[in-house]
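The values are calculated or read from the model by the stated rules, or taken from the named source; none is laboratory data. These figures come from a predicted structure and were not determined experimentally. Every residue, glycine as well, gets a Cβ built from its backbone with ideal geometry; the counts of neighbours run over all protein chains shown. Side chains are part of the model used for accessible areas, which takes the heavy atoms of the whole protein and leaves out ligands, DNA and RNA. Shrake-Rupley method; radii C 1.70, N 1.55, O 1.52, S 1.80 Å.
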Amino acid sequence: MRPNPSLIWLKNNWRYLFVFIVPLLLAIMPIVGQHEEAKCGYVILVMAFYWMTEVIPMAVTSLIPVFAFPLFGILSTAECCLVYMKATNMMFLGGLMVAVCVEHCNLHKRIALLVILRIGQSPARLMAGFMIVTTFLSMWISNTATTAMMVPIVNAILDELYPPCNESIPDKKDEIETSDDNDKNKLEMVSTGVENHGYVTDNPRVQVDAENGESAREGNLDIVTKSTDEEKDENRDMKPKRTERELMARALLLGVAYSSNTGGTGVVTGTAPNLVMMAILESSFSQPSGLNFATWILFNVPGMLICNLLAWIWLQVLFMGLGCKKGGIQKASTEKQEAVKRLIYRKYKELGRITQHEVTVLLLFFLLVGLWLFRAPGFIAGWSAIFTHK
């Protein structure tokens, strides 16, 4: 006998139905009884059914009072969160949960590659793209996680722009060897003098004593002296100059590090010290400080953008030759830019088409930011004014 498709669907999706049906069936309690006891009993019964059936993880069920009790006016947010942890810590926990979801579905990598692909592939535009993406992501994700995600992309682009060279560099400190084996008059010699060193020349056959500077004719041996200062100058010239790859790597990596730190100051949930300062202000003064999610953004985002712009310009001056008439790596060849564009496009295509998981996380992310921003922005009446119980 062929199984009923409806029963199969019900067997596979009963958990989703249970999550919505139980609160609806029990909603008669807070509707009929308007007092706090009935509302509290409603929340407890919903949690009990969820715990017994485990339709959602037990840890998630345990967090229901954080939003349900303030929503029904049973307890304030501060009083309810204090049982778990401080309200500011709960706020940071909520932002951390969203950040973990964004990283889990690779939404942050998709955003990063898409922005870099659109901004451009010249060295200056690449650094601007990396700094913009890192700043935005570090506003919502931890600075360390953002930097760890961006560094592999930086290395891949550097390998595409400047392929690593495997040629070995000869050691300049090796002893001088003669290139003509047939010429028996050319010798290799290192003086044992304290201040001067001797070496072989092809000009007048004069031997100079390394100790007293006296010269004497002797056969075909030609020796001249070289001071220690001259040798230091030669050794200094032997040091390899910085390659374009090294300069570009320093510029991009420092740009990622700087923008990650500045981005963490943009919103109050960007990094833990912001929330610590907010909690100290609220506990230290009896009057409201006026500091909330919206006012923090209004105060800190302009400074964050200015710091990023100054860092971008200064890194170009230091490593990319901005303002120099000669040298610098301000421009890359068309072939290199096309190669970088193909690399970024290939990495973006490797992520595949955007999934339902990414869309859901993106919608929840915008919903969370919107609720944070317009709860009590100050310049307009926020949605918190709807609830009379604070």
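Sequence-ordered 3J(HN,Hα) estimates for region 38-50 from the Karplus curve with 6.51, -1.76 and 1.60 and θ = phi - 60° stand at 5, 5, 5, x, 4, 5, 5, 5, 4, 5, 5, 5, 5 Hz, glycine and proline given as x. Taking Lys11, Lys347 and ordering them by how much accessible surface each has at a 1.4 Å probe, largest first, produces Lys11, Lys347.
Along the axis of the charge dipole computed for region 253-390 (Cβ charges of +1 for Lys and Arg, -1 for Asp and Glu, origin at the Cα centre), the listed residues Ile344, Val359, Leu315 are led at the positive end by Ile344.
Structure shown: which of Lys86/Lys109; Lys39/Lys86; Lys109/Lys341 lie over 26 Å apart, alpha-carbon to alpha-carbon?
On the way: Lys86/Lys109 32 Å; Lys39/Lys86 24 Å; Lys109/Lys341 16 Å.
Checking Cα-Cα distances, Lys86/Lys109 exceed 26 Å.
Our summary gives region 43-98 a relative contact order of 21 percent, counting only alpha carbon pairs under 8 angstrom and 6 or more residues apart.
One Cα centroid belongs to region 361-390, the other to region 267-299; the line between them spans 16 Å. In region 4-135, the portion of solvent-accessible area held by carbon and sulfur atoms comes to 73 percent [1.4 Å probe, whole percent, DNA, RNA and ligands not counted]. Fully extending the segment from Leu318 to Gln287, taken as 0.36 nm per residue of separation minus the present Cα-Cα distance, adds 6.4 nm.
Please arrange Arg125, Arg353 by accessible surface area, largest first, computed with a 1.4 Å probe and ligands excluded.
Numbers: Arg125 130, Arg353 210 Å².
Of Arg125, Arg353, the descending order of accessible area is Arg353, Arg125.
When all protein chains stay in place and ligands, DNA and RNA are ignored, the 1.4 Å accessible-area order of Ser6, Ser259, largest first, is Ser6, Ser259. Take the Cβ atoms of Ala78 and His104, set R0 to 35 Å, and the FRET efficiency comes out at 0.70. Near Lys86: Cβ cut-off under 15 Å, other residues only, Lys/Arg at +1 and Asp/Glu at -1. The net charge is -2. Phi angles of region 77-87 translate, via the Karplus equation with coefficients 6.51, -1.76, 1.60 and θ = phi - 60°, into HN-Hα couplings of 4, 5, 5, 6, 5, 4, 5, 8, 6, 5, 4 Hz per residue; Gly and Pro are given as x.
Extension gain, Ser122 to Ala156, is 10.7 nm, computed as 0.36 nm per intervening residue step minus the present C-alpha separation.
Coupling constants for region 144-157 follow from the phi torsions by the Karplus curve (6.51 cos²θ - 1.76 cosθ + 1.60, θ = phi - 60°), and in residue order they are 5, 5, 5, 5, 5, 6, 7, 4, x, 5, 4, 5, 5, 5 Hz; glycine and proline get x.
Net charge of the neighbourhood of Val43, taken over other residues with C-beta under 14 Å away and scored Lys/Arg +1, Asp/Glu -1, is -1.
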